Amino acid sequence: MTVNFKDHFSALSDGYAKYRPTYPVELFQFLASVASANTLAWDCATGSGQVAVALTDYFSNVVASDASRSQIYAAIQHAGVDYRVATAEQSGLADNSVDLITVGQAFHWFDEALFMAEARRVLRPDGVLAIWCYELCKVSDECDAIVDELYRDILADYWSPERMMVEQGYSGVAMPGVAVPAPELDMSLEWHAADMLGYLRTWSACKRYETKKGSDPVEMISAELRSAWGDGVRPVTWPLPIKVSRPNTLLD
């Protein structure tokens, strides 16, 4: 079956690798602890490869796939990661071979039914599926209001409908099999204003706006954000809702 891949990020590969925030080590420690074995992890829709590289500290083998060839070319190179160009719904992995599947900030782009079927196919009987997302970050009331203006006003007509799933923290996603309780975690970084502006330009809606309008929407709030931010670094925090289950474990 041919899957219609919605490519929102190939044109953003370099910025995605440079500016996307990194996940806390506690996330990977948790995932390794709930996996019944640590032989093979599949990081699906790997993007810049940051999750895949982190998983190499805990799993003997890591496969990282993305449907975007340019994302794979721009990903972090690591001897412990087997990068592949493949869709989430057609991974090419063997049946009953994977201990852990991770999907960071990408599940909303998938064909949910087809991906869940693929996950059940490749996972071992007690294998684990983990998905997570992050929405708007928090810096300060003044900075947050400026970013919110870009997000909700300037880019209002340029977000894909799938973005609503992220705004809801994947709360509406029905995970198959038996649920695994997940910790409450945040991502936290210290950024200059330039880092934040680079990150905002990785938003798919920004690229869509630029393609249609011929101008960079981030420039519309750049001066105001730099002024509010100041010259130094500021802590930036993203809540990280996580959903985890064992899809092939039957409910009692």
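Throughout, read-outs are computed from the coordinates displayed, never taken from laboratory work. Worth saying up front: this structure is predicted, and the values here are computed from it rather than measured. Heads up, the Cβs are rebuilt from the backbone with ideal geometry, glycines too, and the neighbour counts pull from every protein chain shown.
What are the semi-axes of the equivalent ellipsoid of region 34-173, taken as the square roots of 5 times the eigenvalues of the Cα gyration tensor, listed largest first and rounded to whole Å?
Numbers: eigenvalues 176, 56, 43 Å².
The three semi-axes for region 34-173 are 30, 17, 15 Å.
Scaled to the globular estimate 2.2 N^0.38 Å, the Cα spread of the chain, given as radius of gyration, is 1.02. Once the Cα atoms are used to define both axes, helix 204-213 deviates from the longest principal axis of the chain by about 50 degrees. Fewest-first ordering of 102, 249 by other beta carbons within 10 Å of each residue's beta carbon gives 249, 102.
Within region 213-252, all pairs of alpha-carbon atoms sorted by distance into 5 Å bins from zero give the percentages 5, 13, 12, 12, 11, 10, 8, 6, 7, 7, 8, 1. Where both bridge residues fall in region 10-167, DSSP classifies roughly 5% of the beta bridges as antiparallel.
Lys/Arg Cβ at +1, Asp/Glu Cβ at -1, dipole of the chain taken about the Cα centre: which of 68, 166, 49 is farthest positive-ward? Checking the options against the dipole of the chain, the answer is 68. Fewest-first ordering of 87, 39 by other beta carbons within 10 Å of each residue's beta carbon gives 39, 87. Summarise the long-distance tail of P(r) for region 123-163 by giving the % of C-alpha pairs beyond 10 Å. Result: 79 percent of Cα pairs exceed 10 Å.
Beyond 25 Å, what share of the Cα-Cα pairs of region 126-252 remains, rounded to the nearest whole percent? Display every interim value, and only then the final one.
Working: 3010 of 8001 pairs.
For region 126-252, the fraction of Cα-Cα distances above 25 Å is 38 percent.
What pairs in 138/243; 138/212; 18/207 have C-alpha atoms more than 24 Å from each other? Too far apart for the 24 Å limit: 138/212.
Computed extension length for residue 136-residue 154: 5.0 nm, one decimal, from 0.36 nm per residue of separation with the Cα-Cα distance subtracted.
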